[in-house]
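Below: one structure, written as structure tokens.
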Amino acid sequence: MMVEPSTKREGRSERTEWLKTLGTLPTAYADNPEPMQLLKEARACYAEGLMMATVLASAAHVEHTLAQELELRGLKAPGAHMSFADAITAARKIFKHAIVCDNMDRLRLVRNPLAHRKPDGHKHSIHTRLRDENRHPDLILQDDAKLALYVMHGLFFATLRQME
């Protein structure tokens, strides 16, 4: 039996409180503005209950940040295209703990059916997952959004550098 989640408005204060557990963002940021804006918008989307938008903005932030980190470490040519999956594979050379890249890959898998049309019955689509898990799609998406925010913040803070 699927349980209907609370309305978007009712859950706003709980979502806002949950966001606080991810840490305080820096007050100054002197790098490309796109990743920081994506981070802020992903947080705002989550607070407003826009779970798909949260996943998409968070994943975009992770892709931006990961590409920049791989370039800085000489694992990707500047400006060269690298798929999200390939970037995660390359990142396994950087991060000591496999869980970091495993979580990025989980984010990639839940993001893909939202960003790209997949055939009916695709393993990671919301429809397949709601049927397999017998959970309301809003609850599945909220879990996906939390994963996305967790991954995004973890990568953001792991790659944050002091201003020179």
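Computed from the coordinates by the stated procedures, all read-outs in this text should not be read as laboratory data. Remember, it's a predicted structure, so these values are computed and weren't measured experimentally. All Cβ positions, glycine included, derive from the backbone under ideal geometry; neighbour counts span all protein chains shown.
Just to check your reading of the model, which residue among ALA57, ALA53, ALA85, ALA44 is closer than 17 Å to ALA148 by Cβ, touching a Leu at 6+ places or on another chain (Cβ under 6 Å) and among the aliphatic types (A, V, I, L, M)?
ALA57
Please count how many residues of the range 59-104 are surrounded by fewer than 16 Cβ atoms within 10 Å (Cβ to Cβ) and within 26 Å of GLN142 (Cα to Cα).
6
Matching residues to (1) farther than 22 Å from ALA42 by Cβ; (2) assigned to a helix (DSSP H, G or I); (3) acidic (Asp, Glu):
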{"position": "VAL55", "(1), (2), (3)": "no, yes, no"}
{"position": "ALA59", "(1), (2), (3)": "no, yes, no"}
{"position": "THR65", "(1), (2), (3)": "no, yes, no"}
{"position": "PRO78", "(1), (2), (3)": "yes, no, no"}
{"position": "PHE95", "(1), (2), (3)": "no, no, no"}
{"position": "VAL100", "(1), (2), (3)": "no, yes, no"}
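Scan the range 126-139 and give yes if some residue there is of a type in the set (Val, Ile, Thr), in a helix (DSSP H, G or I) and within 23 Å of LEU39 (Cβ to Cβ), otherwise no. If you could, list the steps in order and put the result at the bottom.
Residues of the range 126-139 that are of a type in the set (Val, Ile, Thr), as a first pass: 126, 128.
Next cut, in a helix (DSSP H, G or I) only: 126, 128.
Narrowing further to those that are within 23 Å of LEU39 (Cβ to Cβ): none.
No, the range 126-139 has no match at all.
Applying the selection to the range 110-127, what residues are under 12 Å from the mean Cα position of the chain (by Cα), of a type outside the set (Val, Ile, Thr) and either within 16 Å of PRO137 (Cβ to Cβ) or loosely packed, with under 14 Cβ neighbours inside 10 Å (or both)? Show your work before the answer.
To start, the set of residues in the range 110-127 that are under 12 Å from the mean Cα position of the chain (by Cα) comprises 110-112.
Now drop any that are not of a type outside the set (Val, Ile, Thr), which leaves 111-112.
ARG111 - this is the single residue of the range 110-127 that is under 12 Å from the mean Cα position of the chain (by Cα), of a type outside the set (Val, Ile, Thr) and either within 16 Å of PRO137 (Cβ to Cβ) or loosely packed, with under 14 Cβ neighbours inside 10 Å (or both).
Please count how many residues of the range 15-58 are under 15 Å from PHE157 (Cα atoms), of a type in the set (A, V, I, L, M, F, W, C) and either in contact with a Cys (Cβ under 9 Å, 6 or more places away or on another chain) or surrounded by 14 or more Cβ atoms within 10 Å (Cβ to Cβ) (or both).
Here the count works out to 6.
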